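Below is one structure, written out as structure tokens, with a few remarks after it.
The values are calculated or read from the model by the stated rules, or taken from the named source; none is laboratory data. Quick caveat, the model's predicted, so the values are computed rather than measured. All Cβ positions, glycine included, derive from the backbone under ideal geometry; neighbour counts span all protein chains shown.
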């Protein structure tokens with residue numbers, strides 16, 4: 001067997017090993033996020049800078065696709081109509097808490113922020129494109145003893 005075939009075999013084996021490792025990492029992160037998800041589909045995630053745990057933040061960029069912006073605006077209005085403390089925001093930023101593992105924070109943050117708009121932050125948790133019922137249920141957890 002010549003050196004070219006051996007080299008190609010090694011490259012292919014390394015490529016396969018890398019692909020399998022990436023799939024394993026993705027599966028592990030998905031499992032970790034699933035473990036942080038509550039009964040209403042919200043993931044434990046601190047509100048963005050300036051956000052409060054006792055208010056709902058409905059986040060979607062001003063220039064996001066039309067359906068997402070309409071959903072965000074309507075959800076914010078419906079929540080206001082229900083007497084919920086809500087703010088419709090179009091931008092936000094995060095700062096990891098000093099005791100958080102920076103690498104884990106970045107992994108979870110990137111996974112959460114790659115989901116579809118609007119992102120809704122409530123009760124120290126976040127969910128992508130939740131229904132009105134899901135947001136109200138999560139919000140009302142604050143009132144439970």
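A compact table of results
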item	result
Options 107, 125, 129; residue that is at pLDDT below 85, touching a helix residue (DSSP H, G or I) at 6+ places or on another chain (Cβ under 9 Å) and under 18 Å from residue 43 (Cα atoms)	107
Checklist (1) within 25 Å of residue 140 (Cα to Cα); (2) not in a loop (DSSP other than H, G, I, E, B) applied to residue 111, failing item	(1)
Test for residue 92: is it out of contact with any helix residue (DSSP H, G or I) (no Cβ under 7 Å at 6 or more places or on another chain), in contact (Cβ under 8 Å) with a residue 12 or more places away in the chain and crowded, with 20+ Cβ neighbours inside 10 Å	no
Count of the stretch 114-140 residues which are without any contact (Cβ under 8 Å) to a residue 40 or more places away in the chain and either buried (at least 17 other Cβ atoms within 10 Å of the Cβ) or part of a strand (DSSP E or B) (or both)	1
